[in-house]
Structures are given as C-alpha cells and as structure tokens.
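The values are calculated or read from the model by the stated rules, or taken from the named source; none is laboratory data. Keep in mind that this is a model prediction, so the values were computed, not measured. Note: ideal-geometry Cβ built from the backbone for every residue, glycine included; neighbour counts use all protein chains shown. Just the protein is used for accessible areas: all its heavy atoms, side chains included, with ligands, DNA and RNA removed. Shrake-Rupley method; radii C 1.70, N 1.55, O 1.52, S 1.80 Å.
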Amino acid sequence: MNLLRWSECSATERVAALRRPAAQNAARVRDEVCSIVARVRQGGDEAIFELTQRLDGALLSRLQVTGEEIGAAKRAVDPMFVSDMKEAIASIRRFHQAQRPSTLTIETSPGVRCERRFVPIERVGLYVPGGTAPLPSTVVMLAIPAEIAGCALRVLATPPKRDGSIDAHILVTADLLGVREIFKVGGAQAIAALAYGTASIPKVDKIFGPGNAWVTEAKLQVSQDPGGAAIDLPAGPSEVMVIADGEADATFVAADLLAQAEHGVDSQVVLVSNSSAQLGRVQEAIAEQLPKLERREIAAAALAHSVTIEVDNLPTAIEVCNLYAPEHLILQVAEPHPLVGQIKNAGSVFLGRWTPESMGDYASGTNHVLPTYGYARAFGGLSTESFMKSITFQEIDENGLRSLGPVVARLADREQLGWHAESVRIR
C-alpha cells in the first residue's frame, strides 16, 4: 500500500490520493453500458441470451430459475449453511422490522390537518452479484426489507455460472425468504432488463443491490430515463477505511483491510493512523496474512491501488474520512465514541477492536448495501424505508379554509397565479 503523509500534501494531492480506482475507466464503462442497455431495450430476451453468452460464457435456453433447480440447490447445500443463514435472517429481520416508519398526523393550524403515510413500492428488482464471489448474504439484505415494506413483487436477478447454473446458496437463501421470481442474468444487461422489462423478466419500479462498475453505471443510466426505473443508491466496488491509533491490534487491522481487498481487484482499502509505528506494524501483518488468502491475487491487486495515510492526530483522521466518504469505516481506536459525533460522511461505521466489518456483512442486523464512490456524502445505506414511498394527505374544514385561505389567496396573487387564488376565494 502506498504511503502518504497528509500534512505534507497539497489539497490537489489529497484529492488525487483518495480517488477511486474504478473512476479512471469511467468513460469507457459509460459507453459500454450505454450500448448494452440499448441492446437489451431493443432485443429483450434474445439480447440477454446473446450478451450472457458473450460476457458470462453461459449458453442459456431459459432465463427463469425452475422449481427443479431450487430443489436441487436445497439438496446440495450443507445443512449448517441453512442453520447459519436462518440465524442471520432473524437478526436482520429484527433490525429492519424496527425501521418501519409510522404515519405522521398533525394539525398545522386550526382546521388544517396534514398527514404523511408510507406505502410500499409495488414492484422491486433485487440485484445479487455472482462473479468471483456469489453473495447469498445480499439476498437477505434486499429481500427482507422488501418483504417487511410489503412490496408485492420481488424480482431477483443474478449472473449464471459458465454452466448456466446459479449458485446453490443464493437459490436456497431466496427460497428461505419466499422470493420466487429468480432470473439468470447479471451485469448491466440485468439492470436494463429489470428497468424496461422483457418477455420473461417483469419490469420493476425500483432496482436495488450492489455491483461492479458496469452495474453501478447501468443503474445510474436507467434512473435518468423516465421510462426506466428508480434506483436505491450507487453501490459499486467495495471499499473500507480503517482509522487505527497506536494501541490498535495490527493483526486485526490487517485482517479488516484484507477482508475488503479480497472482494475484487477494483476494491479499495485505506488505512489512516496517527502512529507511524502502527503503520509499519500493519504492513508487516498484511505481508504475513496475504499469502494465506485463497483470493490473494485479487487482494494483492486491490492493495496495489490502495493507500496508507499518516496523520498528526485522530481529529485529522476524521477529516480524511469525511473527505473520502467511505462505504465502510472502522474505528480501531481506544476510545471510538468521542469521535462518532464528528463523522459526517460514511455508509456504515464499526466501533472498536471487537467489531469487524464482516459482522455487518452477514448477521449483526444492519444492511450491507451501502453507498460507494464517495456517495456517502449524500446517501445512506438501504433500510426498510428504502422500499417504501411517502404520500402526503391534507384535509381542511370550513373554518380552517376561512382562517388560512386568505393567506393562500394573497400569496397566489403575489405569484400572478390568479386562479390558484380564485379556487380558494370561490369557496
């Protein structure tokens, strides 16, 4: 990992040091995704078959997963996986059930009652990455809040393997959560199919889920088209920032960094510390742990464009965090709680030495679909409310109209919207 001393860098150098690796190929990704989205929109299922064969190496005869395939998946997985997943589901469901928003009713002035109600988004698309590391945990993070919100249709898309099958653990998890509409399609073509619909794949109103740079770009493109679909948030290649003081356990810190680096070659990890000795210890721990990883080549590639930053103190470390706006932030410091109030930009925060980010990925209860690319400046992670929309209502009685109506009429007159005013006065 490249070493940077924050106090010696200019503002331009600091921004450059924190640039995401995927952004370097943004123009090429944007053009390729635009072509794929147009191809699917025009060609439907046939385009997906062709793209799946070309991009994923899988020759398919149908897109929807069959009941027989789900049955085979159930027979294939270890019973311990089912037991573990059920326990994780219970924690995640408990946390997301508590997030259900309540109806707000208030009388803003005598005789004027306003109300805000939440209703589910009817048709939602759930994108679950496959690629080099299939993620059944993402099925849980998407399907549970959609279920709690009351979404009528949940459509799951996930890329097939070269033999045309779907990872058995993804299928079993989807079955545990009652998701029946499962389709063998990944990448930008999956996002296009969900946004516009095909003969096989239903069109949805909003698309959820993380993915690589192509998936993220496709989500952004279809969300800008009135004929497409809304999206949850830009959730692309995984990233983590670890802030470690001199008392942190270097072995723990190294493990947290490598846990994110093994996601993919386009992942990024950032280590920030106010202790040069700690930075050295972590580098040594990474060198010791890296050869033990099954995905060590992927992790090594991610480390090559990651960065280590030395700062003068922990408040400066938080400033670096707020500038970077990490998807995951781990505070491996002796006293993390005094720093919490200073954190402005982060997707999900993990406090103290006994809180590895992996807990949030799988079973603590929080959602692991989080904003990347610095979008944590404006977005939060997924929640139950993400799968709902609010509708406001108002009811005014005669006295309320007599009291507040003249104010509205005069304001409408001021904006030269005469019949806005007249619609009040005529009553």
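To keep it simple, each residue is scored yes or no on (1) in a loop (DSSP other than H, G, I, E, B); (2) under 28 Å from residue 376 (Cβ atoms); (3) at pLDDT 95 or above.
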{"position": "160", "(1), (2), (3)": "yes, no, yes"}
{"position": "170", "(1), (2), (3)": "no, yes, yes"}
{"position": "191", "(1), (2), (3)": "no, yes, yes"}
{"position": "195", "(1), (2), (3)": "no, yes, yes"}
{"position": "202", "(1), (2), (3)": "yes, no, yes"}
{"position": "225", "(1), (2), (3)": "yes, yes, yes"}
{"position": "234", "(1), (2), (3)": "yes, yes, no"}
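Quick one: which of 390, 403, 383 is over 30 Å from residue 344 (Cβ atoms) and among the hydroxyl-bearing types (Ser, Thr, Tyr)? Before you say what the answer is, go through the steps one by one.
Working: 390 fails: over 30 Å from residue 344 (Cβ atoms); 383 fails: over 30 Å from residue 344 (Cβ atoms).
Testing whether each residue is over 30 Å from residue 344 (Cβ atoms) and among the hydroxyl-bearing types (Ser, Thr, Tyr) leaves just 403.
The one condition from (1) in a helix (DSSP H, G or I); (2) in contact with a Leu (Cβ under 6 Å, 6 or more places away or on another chain) that residue 308 does not meet is (1).
Does the range 217-235 contain at least one residue that is under 19 Å from the mean Cα position of the chain (by Cα), more than 27 Å from residue 61 (Cα to Cα), of a type in the set (Ser, Thr, Tyr) and open to solvent by 10 Å² or more (accessible area, probe 1.4 Å)? The answer is yes, given that some residue of the range 217-235 is under 19 Å from the mean Cα position of the chain (by Cα), more than 27 Å from residue 61 (Cα to Cα), of a type in the set (Ser, Thr, Tyr) and open to solvent by 10 Å² or more (accessible area, probe 1.4 Å).
Check 317, 301, 244 and return the single one that is free of Cβ contacts under 8 Å to residues at least 40 places away in the same chain, of a type in the set (A, V, I, L, M) and either out of contact with any Pro (no Cβ under 9 Å at 6 or more places or on another chain) or surrounded by 20 or more Cβ atoms within 10 Å (Cβ to Cβ) (or both). Step through it out loud before you land on a result.
On the way: 317 fails: free of Cβ contacts under 8 Å to residues at least 40 places away in the same chain; 244 fails: free of Cβ contacts under 8 Å to residues at least 40 places away in the same chain.
Going through 317, 301, 244 in turn, just one is free of Cβ contacts under 8 Å to residues at least 40 places away in the same chain, of a type in the set (A, V, I, L, M) and either out of contact with any Pro (no Cβ under 9 Å at 6 or more places or on another chain) or surrounded by 20 or more Cβ atoms within 10 Å (Cβ to Cβ) (or both): 301.
Of the strands (runs of 3 or more DSSP E) contained entirely in the range 35-139, those carrying at least 3 residues that are closer than 18 Å to residue 194 by Cβ and within 26 Å of the chain's Cα centre (by Cα) fall at 123-127.
The residues of the range 44-61 that are under 13 Å from residue 163 (Cα atoms) and either open to solvent by 40 Å² or more (accessible area, probe 1.4 Å) or not hydroxyl-bearing (Ser, Thr, Tyr) (or both), listed by number, are 53, 56, 57, 58, 59, 60, 61.
Scanning the range 372-406 for residues that are at pLDDT below 95 and assigned to a helix (DSSP H, G or I) yields a single hit, 375.
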